[in-house]
Amino acid sequence: MSIRRTKPEMPEQSPRERIKNFKEVPFGYGKEIAIQEANRCLQCKNKPCMKGCPVEIDIPGFVACIAKGDFDKAAEVIKAKNNLPAISGRVCPYENQCEGECTLKKLGEPLGIGRLERFIADYEREKGKKPPKKPESTGKKIAVVGSGPAGLTCAGDLARMGHAVTIFEALHDPGGVLMYGIPEFRLPKAIVKSEVEYIKSLGVNIHYDIVVGKTITVQEIMNDYDAVFIGTGAGLPNWLNIPGENLDGVYSANEFLTRVNMMKAYRFPEYDTPVKMGKVVVTFGAGNVAMDCARTSLRLGAEKSYILYRRTETEMPARAEEIEHAKQEGVIFKLLIAPIRFIGDEKGILKEVEYLKMQLGAPDESGRRRPIPIPGSEEKLAIDTALVAIGQSPNPLIPQTMKELKIGKHGNIITDEEGRTSIPKIFAGGDIATGAATVILAMGAGKRAARAIDAYLKNKS
Amino acid sequence: MYEIIEKKLLSDSVKLMKIKAPLVAQKALPGQFIILRIDEKGERIPLTIADSDSKEGSITIIFLEVGKTTKQLGALNVGDSIENFAGPLGMPSEVKKYGTVVCVGGGVGIAPLYPIIKALKQGGNRVISILGAKTADLLLLEKEIHVFSDESYIATDDGSKGHKGFVSEVLQQVIDRHKVDMVMAIGPIIMMKVVSTLTKKYNIKTLVSLNPIMVDGTGMCGGCRVSIDGKTKFACVDGPEFDGHKVDYDNLMLRNRRFVHAEGEACRLADVQ
């Protein structure tokens, strides 16, 4: 029998159709395709895929269950390690992780592990999730600051170990970047809410409108809880620092996406928060957030949506799938270009961006070839809206208000591999410790920290 | 949910509300603000804290009904609740002994000035207050502020009370008569700009409290960015108070007009309903 060399495509909305709506782009595998794909798995003894998984899922284990058609068991295997599979099954950069290590790559395409994870998560959600049996209570209380991927994972794992967990969330919705950052068409908010409901069903409490550092201090939390996990993310937007960046029409990616995703500006005036979208939109940067901005712009009615990037496609940090989706939808990539100033009209409304062309030089400390400006190559482009998506820095609120905590030069909380900070009772993980990275790395950090917190509490008692 | 426990009409379009928010009340200091969202479909809007009572667990807000959210808020009554109320946000006013401090408040900006005046007076300063409004009917907290002021002056555009004209003209007279150590100004952007231009001539330290458009209020979106001495600062976490001599007021005015069109549409639709 010959082995199929490619993973089946997920059916998805056509680009022409989907740029008119905010519905999710791919529909996911059906049962038959999932079983068929799971049967491609070689069940390697050394399980190379697992080395690429930050949350340690038993990948061959759950794939084998799907191959046999036992989806409930597959869900159980995944859930033993990952409480948020419907999220990671949608936003993980699988190509660099599990699928990057898959033996099938030698024959063709790797196993569609991400798609299979998503299939099981969706199967389980539609069927109705059952929380596992409540473990015996340890009597320990743990506070988690921030309900993003790191905080939710840490909270879920700790609850399953029998600890009483309370999450403090600054905003009015749970999920952090899953809610305000990643658009509906990539990660539907109903799915985030359903995953959060599951975490709550494990016994986790979530308090909203609590800005830790302002409403309550970390010090106060430490008096009331046995340990604290800080997962406040990388919320601070980076700027281009060029003239004209404060003109009307220039947004940080965070402001633009928060308005659209969390505040639902795409449904204005049904929802009260507006967003102003011009005809020609330019997004600066080429990570996942930049792709999200460029694709969201099209859905809000932009006639032209550009990505301006100072390097080439090879150096783009976005997932391959996001770049591909953006291209299919008609996003125009202008590469080897760096903006030098924004120009406004007499009222201060953005009308042009001036930029320089670049060429690639020797690799820099990131290992990517450094862009070098070509003198005299200035050009202008008429634009209505500019979205700055060149990265975020760690949220400064807790570091500012907690002087005893050791902070790195990028404003990140310094931790070891397991999330221990310079203060024994305080743990941290995700973007607040590493700087802006991925959802799955934050989940992995939350998981390791949960284990370290559990060990710390056991040693103490 | 956060309950409205008191409501007062200060004028036709200015309302005072006391909101039950014990955690916020425990921490609130003069100069700070809160962000509220009325319901699931609502916008997050910042409002400066006009007073707080940690025993009662309440925060007082005073707001002018200018847009859809503030009009909707104004229509709520005692016993109603609002969905979200987060704070206290921003850096508190730096209350210390300056000597003679002139506090200039314009319009609804008088409300957040009140707790600062109180704190400055209790901090041992000689406080001179100058309050301005379009007409006498629109003057807020006149009696309350008078109690904590060593001298107080009024200016109205139509001359219906006090000096006929701008607060800056009264401030000029005060500067002519007294040695002024600090000026605190809160009000319309143009008022803060004029006051800062005047005090700069005399090299008098001046603080202003800025009210740009915000979304999250926790330093995440940068929608509230202001240019201070050419550097970008976020009013929500670095402010809302800044050195009045360093603020780019024209840019702030421009950025506060960003959604005027959408706001008009939201109000029109809300009125139709």
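The values are calculated or read from the model by the stated rules, or taken from the named source; none is laboratory data. On a predicted model such as this, the values are computed, not experimentally measured, just so you know. FYI the Cβ positions are ideal-geometry reconstructions off the backbone, even for glycines, and counts take in every protein chain you see. For accessibility, only protein heavy atoms count, side chains too; no ligands or nucleic acids. Shrake-Rupley method; radii C 1.70, N 1.55, O 1.52, S 1.80 Å.
Assorted remarks:
- Single unsatisfied condition, B:Arg255 versus (1) closer than 30 Å to B:Gly99 by Cβ; (2) charged (D, E, K, R); (3) in contact (Cβ under 8 Å) with a residue 40 or more places away in the chain: (1)
- Flag for B:Leu140 being open to solvent by less than 10 Å² (accessible area, probe 1.4 Å) and at pLDDT below 95: yes
- Pairs are defined by a Cβ separation below 7 Å, a sequence spacing of at least 6 or placement on different chains, a first member in segment A:12-27 that is open to solvent by 100 Å² or more (accessible area, probe 1.4 Å), and a second member that is of a type in the set (Asp, Glu); the pairs so defined are A:Phe27/A:Glu12.
- The set of residues in segment A:199-217 being closer than 18 Å to A:Gly446 by Cα and touching a residue at least 12 places away in the same chain (Cβ under 8 Å) consists of A:Ile199, A:Leu202, A:Gly203, A:Val204, A:Asn205, A:Ile206.
- Among the residues making up segment B:237-255, those that are outside any loop (DSSP other than H, G, I, E, B), within 24 Å of B:Thr218 (Cβ to Cβ), within 18 Å of the chain's Cα centre (by Cα) and within 10 Å of chain A (Cβ to nearest Cβ) are B:Leu252, B:Arg255.
- Any hit, segment A:207-227, residues being more than 14 Å from every other protein chain (Cβ to nearest Cβ) and touching a helix residue (DSSP H, G or I) at 6+ places or on another chain (Cβ under 8 Å): yes
- Here A:Val165 fulfils each of the conditions (1) part of a loop (DSSP other than H, G, I, E, B); (2) under 18 Å from A:Tyr208 (Cα atoms) apart from (1).
- Test for A:Lys409: is it part of a loop (DSSP other than H, G, I, E, B) and open to solvent by 20 Å² or more (accessible area, probe 1.4 Å): yes
- For A:Ala170, the requirement of being modelled with pLDDT of 95 or more, out of contact with any Cys (no Cβ under 6 Å at 6 or more places or on another chain) and over 24 Å from B:Val215 (Cβ atoms) is not met.
- The set of residues in segment A:237-261 that are buried (at least 23 other Cβ atoms within 10 Å of the Cβ) and either among the aliphatic types (A, V, I, L, M) or without any contact (Cβ under 8 Å) to a residue 24 or more places away in the chain (or both) comprises A:Val250, A:Ala253, A:Glu255, A:Leu257, A:Arg259, A:Val260.
- Of everything in segment A:273-285 that is at pLDDT below 95 and open to solvent by 10 Å² or more (accessible area, probe 1.4 Å), the residue that is farthest from the other protein chains (Cβ to nearest Cβ) is A:Gly278.
- Failed item in (1) over 18 Å from A:Ile383 (Cβ atoms); (2) away from chain B (no Cβ under 14 Å); (3) surrounded by fewer than 23 Cβ atoms within 10 Å (Cβ to Cβ), with A:Tyr266 passing the rest: (2)
- Residue selected from segment A:378-406 under the condition of a type in the set (Ser, Thr, Tyr) and in contact with a strand residue (DSSP E or B) (Cβ under 8 Å, 6 or more places away or on another chain), by the criterion least open to solvent (accessible area, probe 1.4 Å): A:Thr385
- Top-ranked residue of segment A:356-394 - restricted to ones that are basic (Lys, Arg) and in a strand (DSSP E or B), ranked as farthest from the chain's Cα centre (by Cα): A:Lys380
- Identification of strands (runs of 3 or more DSSP E) wholly contained in segment B:49-164 with 1 or more residues that are out of contact with any Cys (no Cβ under 6 Å at 6 or more places or on another chain) and more than 14 Å from chain A (Cβ to nearest Cβ) yields B:58-64, B:100-106, B:126-133, B:151-156.
- Residue match in segment A:346-353 (condition: within 14 Å of chain B (Cβ to nearest Cβ), among the acidic types (Asp, Glu) and more than 23 Å from the chain's Cα centre (by Cα)): yes
- Test result for A:Thr138, of a type in the set (Val, Ile, Thr) and farther than 17 Å from A:Leu84 by Cβ: yes
- B:Cys221 meets each of the listed conditions (1) open to solvent by 20 Å² or more (accessible area, probe 1.4 Å); (2) at the interface with chain A (Cβ under 7 Å from one of its Cβ atoms); (3) touching a Ser or Thr at 6+ places or on another chain (Cβ under 6 Å) apart from (1).
- Matching residues, segment A:294-331, being in a helix (DSSP H, G or I) and open to solvent by 50 Å² or more (accessible area, probe 1.4 Å): A:Glu313, A:Thr314, A:Ala320, A:Glu321, A:Glu324, A:Lys327, A:Gln328
- Scanning segment A:34-53 for residues being assigned to a helix (DSSP H, G or I), under 25 Å from A:Leu441 (Cβ atoms) and free of Cβ contacts under 8 Å to residues at least 60 places away in the same chain gives a total of 3.
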